[in-house]
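K.L.:
Below is one structure. I have some questions about it.
Since every read-out is calculated from the coordinates, none of them should be taken as a lab result. This is a predicted model, so every value here is computed, not measured. As a convention, Cβ positions derive from the backbone with ideal geometry for all residues, glycine included, and neighbour counts pool all protein chains shown.
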Amino acid sequence: MPLILALDEGTTSARAALYDETGSLLAMESRPAPCLYPQPGWVEQDGEAIWLAQCEAARAVLALASGRRVAVMGITNQRETTLVWDRRTGRPLTPAIVWQCRRTVAACAALHASGRAAEITRRTGLMVDPYFSATKIRWILEHAPGAEEQARGGDLLFGTVDTWLVWKLTGGRQHVTDVSNASRTMLMNLETGDWDPYLLDAFGIPRVMLPRIVSSAEYVGDTDPGNFGVALPIAALAGDQQAALAGQACFRPGLSKNTYGTGCFALLHTGANPPTSRHGLVATRAASFPQEAAYAIEGSTFVAGAAVQWLRDQLGVLRTAAESEELAQSLPDNGGVYLVPAFAGLGAPHWDAQARGLLTGVTAACTKAHLARAALESIAYQTCELIQAMEADGGGPLTELRVDGGAAVNNFLMQFQADMLGKPIVRPADVETTARGAAYLAGLAAGVWSGIAEIESFWRPERRFEPNMDPSVRDRNWEGWQEAVARCRRR
Ligand code: ADP
């Protein structure tokens, strides 16, 4: 039986995975894709480095196919990250502006001041915030020499990472994105699923530079044989969080998941009607099949696992991210130490682009174990805020939470999450649901699987974490967190 290849270009690494027709993961390879921090609040990546990391990961995993034929491939990617490149040379004009980058804070503030923000939110389901692609594209047009004119003349192409990878994979023949990625650009009308003239005007983006929008599960083109030795059909594209929702087999209204990666992303599938959030979350497209719009409510926090990474890479207090578990567990409690990792401002439900990180409650007794614990606890507290908002938006009460992502393997974090949320946490056998979701979508598009019922039968829980915390401790923790968040707010 043929295999399915999934490419998963995340913020910290590019992965490639092979699945068989039973949904089993056969092999996964990963290559690092480093972020650059040229100024406080700025986050960039080299577009060519993203491509090379992804290509190398794909080649490495294809070498493990043991002669079995790969029938189809799907792509999932970090969303909102923005590239603009020259149509003829294929060269990006600037480094990719990563989703976490705050360089367009002033542009967003100006949109709020001009009174256009409410209409933009009404059309897109999103908050006006530097997170989304539109102001990032505008920044490139304003700062790369000659870009404005070249863009109007049709010489430049915009793409999120899915678009960039497909363009590279197909040797520049396809310039496409899918609805789930397009719904994060702040240029797509959430209901029509097309680029919206009002939004293009509000952000000053020429339509000619935008890709064609396709569904998340349809054939978009073959890879150039120069890349992998064979021409592979690309049959799925989806933003990483929407792919993770699919990878958790959440295809029906009311099903939800939370991903613990660089950031935290809670998504609730809401079916065929566009939702509206009244509690600081955003409305977005879920991975959608041709002629079948699907929607989700989403809460995203910008820094989750990245707080652990910060302790490891910037402060050097951890050797590995996994070490945070043992350190946190070595303490009976947090000792009153809280970390608000607002390194890139605060996302949902606060939307405070100017907030910055804060460590509170530090005494001379504070050790690196407290730092590790505070970082892990902050991930759980932020998730509680998202889930509370989601329930208030009418999605709840949720009976349990399905989890995934790199940091979901941390047992301290999962138990603490169950305790603070007061709900069971269910971790599937495979926490790499992002790549899995891309494989599912591609396999469904190519007819490897009969439909979503077959995909649902693949979902396997590995461990359940039941809430087990004294309510007085929970209340004290929650108060401490809220106080710390209030202190770091700028708005
Ligand atoms: P992304 O797809 O956003 O690149 P991943 O899902 O691969 O992210 O998760 C990587 C993140 O998870 C990193 O920020 C890392 O610090 C964190 N992480 C990985 N393992 C652990 C662990 N055992 N405990 C806590 N955090 C972890």
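K.L.:
Contact order normalised by length for the chain, with contacts defined as Cα pairs under 8 Å and 6 or more residues apart; what percent is it? Walk me through the numbers before you get to the answer.
P.N.:
Numbers: 1152 pairs, mean separation 72.6, N = 491.
RCO, the chain: 15 percent.
K.L.:
Along the Cα→Cβ direction, 7 angstrom out, place labels at ARG69 and VAL105. What is the inter-label distance in nm?
P.N.:
5.5 nm
K.L.:
Over the stretch 219-328, what is the relative contact order in percent, taking alpha-carbon pairs closer than 8 angstrom and at least six residues apart?
P.N.:
Numbers: 180 pairs, mean separation 20.3, N = 110.
Dividing the mean separation by the residue count of the stretch 219-328 yields 18 percent.
K.L.:
Once the piece of chain linking ARG474 and ARG490 is laid out straight, how much longer is it, given 0.36 nm per residue of separation minus the C-alpha distance between them? The partial results should precede the final answer.
P.N.:
On the way: separation 16, 0.36 × 16 = 5.76 nm, distance 2.66 nm.
Here the answer is 3.1 nm.
K.L.:
By average Cβ neighbour count within 10 Å, what is the ranking of 396-405, 477-486 from highest down?
P.N.:
396-405, 477-486
K.L.:
Between rounded, prolate and oblate, where does the stretch 3-239 land on the alpha carbon gyration tensor, with a ≥ b ≥ c its root eigenvalues, rounded for a/c under 1.5, else prolate if a/b exceeds b/c? Mind dumping the intermediate values first?
P.N.:
Numbers: a/c = 1.88, a/b = 1.75, b/c = 1.07.
Since a/c reaches 1.5 and a/b is larger than b/c, the shape of the stretch 3-239 is classed as prolate.
K.L.:
Pop the C-beta distance of ALA231 and LEU52 into the FRET formula with R0 = 25 Å and round what comes out to the nearest 0.05. Present the calculation step by step, with values, prior to reporting the outcome.
P.N.:
Working: r = 20 Å, r/R0 = 0.81.
Once rounded, the FRET efficiency stands at 0.75.
K.L.:
Picking from ALA344, SER450, GLY171, whose Cα lies most toward the positive end of the charge dipole for the chain (charges on Cβ: Lys, Arg +1; Asp, Glu -1)?
P.N.:
Of the options given, the answer is ALA344.
K.L.:
Quick one: length gained pulling VAL362 to GLU323 fully straight, 0.36 nm per residue minus the C-alpha distance?
P.N.:
Details: separation 39, 0.36 × 39 = 14.04 nm, distance 2.13 nm.
Difference between extended and current length: 11.9 nm.
K.L.:
Follow-up. Give me the tail of P(r) for the chain as a percent: Cα-Cα pairs with distance above 31 Å. Kindly include the intermediate steps, with their values, before the conclusion.
P.N.:
On the way: 47444 of 120295 pairs.
In whole percent, the long-distance tail amounts to 39.
K.L.:
Please work out the FRET efficiency for the pair ARG207 and LEU315, using the Cβ-Cβ distance as r and a Förster radius of 60 Å; give the result to the nearest 0.05. The partial results should precede the final answer.
P.N.:
On the way: r = 45 Å, r/R0 = 0.75.
In this case the efficiency is close to 0.85.
K.L.:
Further question: Ranked highest first by the average count of other Cβ atoms within 10 Å around their residues, in what order do 435-448, 292-305, 194-207 fall?
P.N.:
Working: 435-448: 27.6, 292-305: 24.2, 194-207: 15.9.
Put in order of decreasing packing, that is 435-448, 292-305, 194-207.
K.L.:
Quickly work out the GLU456-to-LEU26 label distance, labels modelled 7 Å from Cα along the C-beta direction, and quote it in nm with one decimal.
P.N.:
Using points 7 Å along Cα→Cβ, the separation is 2.8 nm.
K.L.:
Test of understanding: ordering MET73, MET127, MET1 by Cβ neighbours within 10 Å, fewest first, what list do you get?
P.N.:
Working: MET73 27, MET127 22, MET1 9.
Fewest-to-most Cβ neighbours within 10 Å comes out as MET1, MET127, MET73.
K.L.:
Here is a follow-up. At 0.36 nm per residue, minus the direct Cα-Cα distance, what do SER114 and SER330 gain on full extension? Give it in nm, one decimal, please. Don't jump to the answer; show the numbers that get you there.
P.N.:
Working: separation 216, 0.36 × 216 = 77.76 nm, distance 5.15 nm.
Length gained, SER114 through SER330: 72.6 nm.
K.L.:
Oh, and also: Could you give the DSSP H helices of the chain that reach 24 angstrom or more along their long axis (alpha carbon positions) and whose average Kyte-Doolittle hydropathy is no lower than -1.0? Present the calculation step by step, with values, prior to reporting the outcome.
P.N.:
Values: long enough: 368-390 (33 Å, 0.31); 471-488 (26 Å, -1.17).
Helices meeting the criterion: 368-390.
K.L.:
Let me ask something additional. Provide the net charge surrounding GLU462, with neighbours chosen by a C-beta distance below 10 Å and charges set as Lys +1, Arg +1, Asp -1, Glu -1.
P.N.:
Details: positive: ARG427, ARG460, ARG463, ARG464; negative: ASP430.
Residues close to GLU462 contribute a combined charge of +3.
K.L.:
What FRET efficiency would be calculated for the residue pair THR192, ALA60, taking the C-beta separation as r and a Förster radius of 41 Å, to the nearest 0.05? Working shown, then result.
P.N.:
Numbers: r = 40 Å, r/R0 = 0.98.
Calculated transfer efficiency: 0.50.
K.L.:
Sorted by mean Cβ packing within 10 Å, highest first, what order do the peptides 273-281, 171-179 take?
P.N.:
Working: 273-281: 17.4, 171-179: 20.4.
Ranking the peptides 273-281, 171-179 by packing returns 171-179, 273-281.
K.L.:
Here is a further query. Using a cut-off of 14 Å between beta-carbons, work out the net charge of the residues near GLY153 (Lys and Arg +1, Asp and Glu -1, GLY153 not included).
P.N.:
On the way: positive: ARG87, ARG88, ARG152, ARG207; negative: ASP86, GLU148, GLU149, ASP155.
It works out to a net charge of 0.
K.L.:
Would you mind classifying the stretch 190-315 by shape? Square roots of the alpha carbon gyration tensor eigenvalues, ordered a ≥ b ≥ c; an a/c under 1.5 is rounded, otherwise it is prolate if a/b is larger than b/c and oblate if not.
P.N.:
Values: a/c = 1.37, a/b = 1.12, b/c = 1.23.
Because its axes are fairly even, with a/c under 1.5, the stretch 190-315 counts as rounded.
K.L.:
Relative contact order, percent, of the stretch 318-461 when contacts are C-alpha pairs under 8 Å separated by at least 6 residues?
P.N.:
With pairs under 8 Å counted, the relative contact order is 20 percent.
K.L.:
Using the 10 angstrom Cβ neighbour count as an exposure proxy, how do PHE289, PHE416 rank, fewest first?
P.N.:
On the way: PHE289 17, PHE416 24.
Taking fewest neighbouring Cβ atoms as first place, the list is PHE289, PHE416.
K.L.:
Next up: So if I place +1 on the C-beta of Lys and Arg and -1 on the C-beta of Asp and Glu, and nothing else carries charge, what would the dipole magnitude of the chain be about its Cα centre? I want it in debye, nearest 20. Before the final figure, lay out each step's value.
P.N.:
Numbers: 44 positive and 52 negative charges, 124 e Å.
With Lys and Arg at +1 and Asp and Glu at -1, about 600 debye.
K.L.:
If amide H atoms are built 1.01 Å from N in the plane of the peptide, which residues on other chains or at least 5 residues away come under 5 Å of the amide H of ALA14?
P.N.:
For ALA14, the qualifying residues are ARG31, ALA33.
K.L.:
Oh, and also: Under a plain spin-label model, where a point goes 7 Å from the Cα along Cα-to-Cβ, how far apart in nm are GLU292 and TYR219?
P.N.:
My value for the distance between the label points is 1.9 nm.
K.L.:
Another question about this same structure. Less than 15 Å Cβ to Cβ from ASN273, Lys/Arg counted +1 and Asp/Glu -1: what total charge do the surrounding residues give? Walk me through the numbers on the way to the answer.
P.N.:
Numbers: positive: ARG252, ARG285; negative: GLU191, GLU292, ASP393.
It works out to a net charge of -1.
K.L.:
Given charges of +1 on the Cβ of Lys and Arg and -1 on the Cβ of Asp and Glu, with all other atoms neutral, how large is the dipole of the stretch 433-480 about its Cα centre, in debye to the nearest 20?
P.N.:
Dipole size: approximately 160 debye.
K.L.:
In terms of the Cα gyration tensor, with a ≥ b ≥ c the square roots of its eigenvalues, is the stretch 187-253 rounded because a/c is under 1.5, prolate because a/b exceeds b/c, or oblate?
P.N.:
oblate
K.L.:
Can you put ARG91, ARG122, ARG59 in order, fewest other beta carbons within 10 Å first?
P.N.:
ARG91, ARG122, ARG59
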